[in-house]
Amino acid sequence: MSDNIKTQDVEYTNEWVKWIEEAVDREYFKFYEYNQFNNIQHIGTGGFGKVYRANWKNSEKQFALKSFFSLDNITVKEIVRELKIQREVDFHDNIIRCYGITKLESDNHNNYWLVMEYANGGSLRSYLNKNFNNLSWDDKYNMAYQLSCAVSCLHNEGIVHRDLVIYLTLFNY
Ligand SMILES: Nc1ncnc2c1ncn2[C@@H]1O[C@H](COP(=O)(O)OP(=O)(O)OP(=O)(O)O)[C@@H](O)[C@H]1O
């Protein structure tokens with residue numbers, strides 16, 4: 001029984017890995033050579049992995065690199081889910097852009113990382129912690145409006161965010 005489940009898991013993982021490799025081959029996403037990134041620094045950790053800031057080649061341009069703890073079935077599915085969502089909402093100014101994908105190769109496995117726009121202002125929470133008392137109602141209105149536009153864009157594409165606590169924070173500090 002347990003062998004059976006393991007075999008299925010491997011098959012599913014291969015299916016999603018294949019999806020990523022085909023998308024890269026067909027140039028649906030830009031592929032970034034991992035070894036061309038430099039100055040890689042850890043900036044945060046989420047439920048699925050760590051996030052790093054890095055420079056690309058010799059440019060000043062900074063990217064956020066989103067790594068994943070392991071390349072198991074659930075994680076690869078999460079990568080594909082995120083790539084698909086990003087592709088749907090790529091046009092919106094208030095949503096972080098996904099530029100492509102990179103691959104970290106190691107002895108016994110490959111791991112795909114997302115290459116994303118780097119938000120250099122920190123999180124909205126830390127921004128509010130520092131600046132809330134100096135914000136006018138116009139500032140708050142503008143932020144709430146931009147958040148609403150982003151959420152509305154997601155909803156128009158049939159996507160639910162599921163983690164919008166910060167919304168309430170904006171008005172209840
Ligand atoms: N594009 C980015 N630019 C700058 N910092 C980022 C970027 N993406 C993520 N971070 C930082 O890394 C942290 C972890 O981000 P990540 O997207 O992995 O997880 P999360 O959205 O916080 O949680 P979850 O994994 O549950 O979705 C964030 O809280 C943020 O501080």
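A few comments on the model shown:
- Selection over region 72-123 of residues that are within 15 Å of the ligand (Cβ to nearest atom), in a loop (DSSP other than H, G, I, E, B) and touching a Cys at 6+ places or on another chain (Cβ under 9 Å) gives a count of 5.
- Hits in region 32-42 - residues which are surrounded by fewer than 16 Cβ atoms within 10 Å (Cβ to Cβ) and either in contact (Cβ under 8 Å) with a residue 24 or more places away in the chain or within 17 Å of the chain's Cα centre (by Cα) (or both): GLU33, ILE40, GLN41, HIS42
- Among residues of region 46-71 being near the ligand (Cβ under 8 Å from one of its atoms) and at pLDDT 90 or above, the one that is surrounded by the fewest Cβ atoms within 10 Å (Cβ to Cβ) is LYS50.
- Test: residue in region 79-95 that is free of Cβ contacts under 8 Å to residues at least 40 places away in the same chain, under 25 Å from LEU154 (Cα atoms) and surrounded by 16 or more Cβ atoms within 10 Å (Cβ to Cβ): yes
- Test result for TRP137, within 21 Å of GLN36 (Cα to Cα) and among the aromatic types (Phe, Trp, Tyr): no
- Any pair with Cβ under 7 angstrom, 6 or more apart, that starts in region 143-158 at a residue that is in contact (Cβ under 8 Å) with a residue 40 or more places away in the chain and ends at one that is assigned to a helix (DSSP H, G or I): LEU147/TYR167; CYS153/VAL89; LEU154/VAL89; GLU157/GLU88; GLU157/VAL89
The values are calculated or read from the model by the stated rules, or taken from the named source; none is laboratory data. The structure presented is a predicted model; accordingly, all values stated were derived computationally and were not measured. Reconstructed Cβ throughout: ideal geometry from the backbone, glycine too, with neighbour counts over all protein chains shown.
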